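The values are calculated or read from the model by the stated rules, or taken from the named source; none is laboratory data. Bear in mind the structure is a predicted one, so any value in this text is a computation, not a measurement. Glycine also receives a Cβ, built like all others from the backbone with ideal geometry; neighbour counts cover every protein chain displayed.
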Amino acid sequence: MTAKIIDGKAFAAGLRSMVAQQTAQLKDRHGLVPGLTVVIVGEDPASQIYVRNKGKVATEMGFLSDTITLARETTQDQLLNVIAGLNADPAVHGILVQLPMPDHIDEGAVIMAIDPNKDVDGLHPINAGRLSSGQNTLVPCTPLGCSMMLADHFGQGGMSGKRAVMVGRSNLVGKPMAQLLLAEHCTVTIAHSRTQDLPGLCREADILVAAVGRAEMLGGDCIKPGAVVIDVGMNRLEGPDGKTKLCGDVKFDEAREVAAAITPVPGGVGPMTIACLMVNTITAACWAGGIDAG
Ligand code: GUN
């Protein structure tokens, strides 16, 4: 069997065009322009690329888009002041502080300082709590994108009763993804670096989501025949020619021979994450404007 390739790039393009349409409607009907501000501290090259892309797509959507670039030496208090200003600014509906931050800044304290209703990353404990108690909330963008692709693949109710294994337990991906799978009535296991017999556990999964950040860690021996595999990994691996290539947490060539469907890297989860940031910004703007987000 050769797996169906889940085309995140095409899915994300569709989602972005929906968001652009919704943005035009919000402007026409309510005079509301969604505003997204991304804050980056320091000069991490990968983060700079991500942040530039977020700003570019936000502008394409018709949002009021701003990027605040702060020096690596910025103190935590200075950053908290910037966030307080954004919380108070009615033109800003979404705030995202790019991670990771320099070591002298306490990420938890920064996330806690963001107004939960502007937290388009869905990382504030209030939003994590809302998600785990089944309330409407801002869901972290990467798991939101993964769950949209899964819902599209399985159709309404199609995940109910399936065994799902989430490899990775981060606040950004693993924990919220597990909650989303649970909300779809999957039987969910969260695995991580200390899990015993990880391949054996993964082979039980009808739905396998990998977010460990280790290049090609999960091989074909980790895939149940007919499983659906979502690869969140974005790793750089040096090829035999000395050039680096982007690869996931799953050995794609092996997995695609066993799975029913799989997301590629690049072109799978990555484009969905930015598109979902735009979706979350629309949601936050609607909340601020007292408009039904639909
Ligand atoms: N760094 C890598 N992914 C993300 C993300 O989704 N949000 C933030 N804030 N930082 C990130």
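Key figures for this structure:
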{"quantity": "Residues of the stretch 80-104 satisfying the condition of being within 13 Å of the ligand (Cβ to nearest atom) and surrounded by 19 or more Cβ atoms within 10 Å (Cβ to Cβ)", "calculated": "83, 94, 95, 96, 97, 98, 101"}
{"quantity": "The stretch 105-115, subset closer than 18 Å to residue 47 by Cα and part of a loop (DSSP other than H, G, I, E, B), residue farthest from the ligand (Cβ to nearest atom)", "calculated": "106"}
{"quantity": "Unique match (being within 12 Å of the ligand (Cβ to nearest atom) and free of Cβ contacts under 8 Å to residues at least 40 places away in the same chain) among 176, 143", "calculated": "143"}
{"quantity": "Residue list for the stretch 202-258, restricted to those being among the aliphatic types (A, V, I, L, M), in contact (Cβ under 8 Å) with a residue 24 or more places away in the chain and not in a loop (DSSP other than H, G, I, E, B)", "calculated": "207, 208, 209, 210, 218, 228, 229, 230, 250, 255"}
{"quantity": "Some residue of the stretch 60-68 being aliphatic (A, V, I, L, M) and more than 12 Å from residue 36 (Cβ to Cβ)", "calculated": "no"}
{"quantity": "Single unsatisfied condition, residue 63 versus (1) on the phi < 0 side of the Ramachandran plot; (2) within 13 Å of the ligand (Cβ to nearest atom); (3) touching a Leu at 6+ places or on another chain (Cβ under 8 Å)", "calculated": "(2)"}
{"quantity": "Residues of the stretch 71-129 classified as under 24 Å from the mean Cα position of the chain (by Cα) and among the acidic types (Asp, Glu), total", "calculated": "6"}
{"quantity": "Candidates 33, 38, 57, 19 - the one that is in contact with a helix residue (DSSP H, G or I) (Cβ under 7 Å, 6 or more places away or on another chain), of a type in the set (A, V, I, L, M, F, W, C) and part of a strand (DSSP E or B)", "calculated": "38"}
{"quantity": "Test: residue in the stretch 182-189 that is closer than 27 Å to residue 225 by Cβ, touching a residue at least 24 places away in the same chain (Cβ under 8 Å) and acidic (Asp, Glu)", "calculated": "yes"}
{"quantity": "In the stretch 116-134, residue surrounded by the most Cβ atoms within 10 Å (Cβ to Cβ) [restricted to those that are in a loop (DSSP other than H, G, I, E, B) and within 15 Å of the ligand (Cβ to nearest atom)]", "calculated": "120"}
{"quantity": "Matching residues, the stretch 265-278, being surrounded by fewer than 23 Cβ atoms within 10 Å (Cβ to Cβ) and either in contact with a strand residue (DSSP E or B) (Cβ under 6 Å, 6 or more places away or on another chain) or modelled with pLDDT under 95 (or both)", "calculated": "266"}
{"quantity": "Residue 190 being at pLDDT 95 or above, surrounded by fewer than 19 Cβ atoms within 10 Å (Cβ to Cβ) and either in a strand (DSSP E or B) or β-branched (Val, Ile, Thr) (or both)", "calculated": "yes"}
{"quantity": "Boolean, residue 244 is touching a Gly at 6+ places or on another chain (Cβ under 6 Å) and of a type in the set (Ser, Thr, Tyr)", "calculated": "no"}
{"quantity": "Leading residue by the ranking (farthest from residue 284 (Cα to Cα)) among those in the stretch 41-54 that are assigned to a helix (DSSP H, G or I) and out of contact with any Leu (no Cβ under 9 Å at 6 or more places or on another chain)", "calculated": "45"}
{"quantity": "Hits in the stretch 37-46 (condition: out of contact with any Lys or Arg (no Cβ under 8 Å at 6 or more places or on another chain) and surrounded by 17 or more Cβ atoms within 10 Å (Cβ to Cβ))", "calculated": "37, 39, 40, 44"}
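Listed here are the residues, each with its yes/no results for (1) among the β-branched types (Val, Ile, Thr); (2) within 16 Å of the chain's Cα centre (by Cα).
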residue	(1), (2)
239	no, no
252	no, no
266	no, yes
271	no, yes
274	yes, yes
280	no, yes
289	no, no
